[in-house]
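Presented below is the structure to which this report refers.
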Amino acid sequence: MTRPLSLLIALTVALTLAGCAANPVSGKQDFVMMSEAQEIALGRSADAEVRKQYSVYQNPELQSYVNGVGQALASRSHRSNLNYHFTVVDSAEINAFALPGGYVYITRGIMAYLNSEAEMAAVIGHEIGHVTARHGVRQQSAAQATSLGITLASIFVPELNSRAGQDLSNLLGGALLSGYGRDHELESDRLGAQYLARTEYDPQAMIRVVGVLKNQELFDAEIAKQEGREPRRYHGTFATHPDND
């Protein structure tokens with residue numbers, strides 16, 4: 001084995017070991033490259049950017065109501081120690097999303113399709129699931145590791161600086177990251193249903209809300225086809241989301 005290759009392997013092993021931490025949900029070792037404090041700081045920074053893109057919905061009563069539901073769910077989650085922030089944003093988009101560290105957003109657009117508090121809690125619980133399972137952190141860590149690995153490899157393997165090498169690197173990096181979507185969404189459904197049950201909501205609300213949003217997504221896909229535009233997607237997964245998992 002050549003010295004550059006052995007050094008590259010040693011660096012890769014060191015990077016992997018340094019990035020291992022117990023997942024708060026499963027207890028298994030995950031590859032993450034930031035501490036909880038860094039995760040919270042990342043979320044805080046990203047929250048500032050979100051607030052530049054979206055306006056906060058100006059309805060204090062609704063904000064308080066949504067925050068109350070969210071805090072009740074979060075207090076019974078796997079990471080109840082975090083300081084959670086729940087915000088309704090003034091957007092007609094059918095969407096909800098979460099940032100690392102406990103920042104959760106729900107649009108007024110998606111709320112128009114929810115038929116009960118339990119269904120709203122299901123949407124919020126799903127997003128809390130992304131936070132508790134550290135999906136954003138794991139995705140960020142994978143991106144960092146891919147970038148660092150390619151940089152290190154290009155130092156020791158000059159061929160990676162070629163066009164073919166870059167294409168291969170992009171392919172490998174994309175394969176690593178693209179595997180997260182569906183599995184993470186399904187895990188968040190499961191976790192959200194758990195948090196619903198712990199907070200004495202009907203966990204079947206998770207199945208109902210997935211059905212509602214899936215139908216809306218399919219409907220919008222048909223309209224988008226007629227209008228010649230890209231369809232709008234909530235998390236980009238409901239079109240292929242199983243009806244019951």
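Straight-distance candidates among the aspartates and glutamates for linking to Lys52, with alpha-carbon spacing under 18 Å and chain neighbours fewer than 8 residues away dropped: Asp90, Glu93.
Neighbours of Gln194, meaning other residues whose beta-carbon lies under 12 angstrom from its beta-carbon, give a summed charge of +1 when Lys and Arg score +1 and Asp and Glu score -1. Based on Cα contacts under 8 Å between residues 6+ apart, region 64-125 shows a relative contact order of 30 percent. With the simple model of a label 7 Å out from the Cα in the direction of the Cβ, Arg229 to Ser64 spans 3.7 nm.
Highest mean first, the peptides 188-200, 72-84 sorted by other C-beta atoms within 10 Å per residue fall in the order 188-200, 72-84. Between Ala197 and Ala46, full extension at 0.36 nm per residue minus the direct alpha carbon distance yields a gain of 51.3 nm. Once backbone amide H atoms are built at 1.01 Å from N, Tyr103 has His85 as its partners under 5 Å, excluding neighbours fewer than 5 places away on the same chain. When each of the peptides 119-125, 98-104 is scored by the mean number of other C-beta atoms lying within 10 Å of its residues, the order from highest to lowest reads 119-125, 98-104. Taking 0.36 nm per residue of separation and subtracting the Cα-Cα distance, full extension of the segment from Phe219 to Glu117 would add 34.3 nm.
Here, each number is a calculation from the coordinates, and none is a lab measurement. What you see is a predicted model; the values in this text were computed from it and never measured. In this analysis, Cβ positions are derived from the backbone assuming ideal geometry, glycine residues included, and neighbour counts consider all displayed protein chains.
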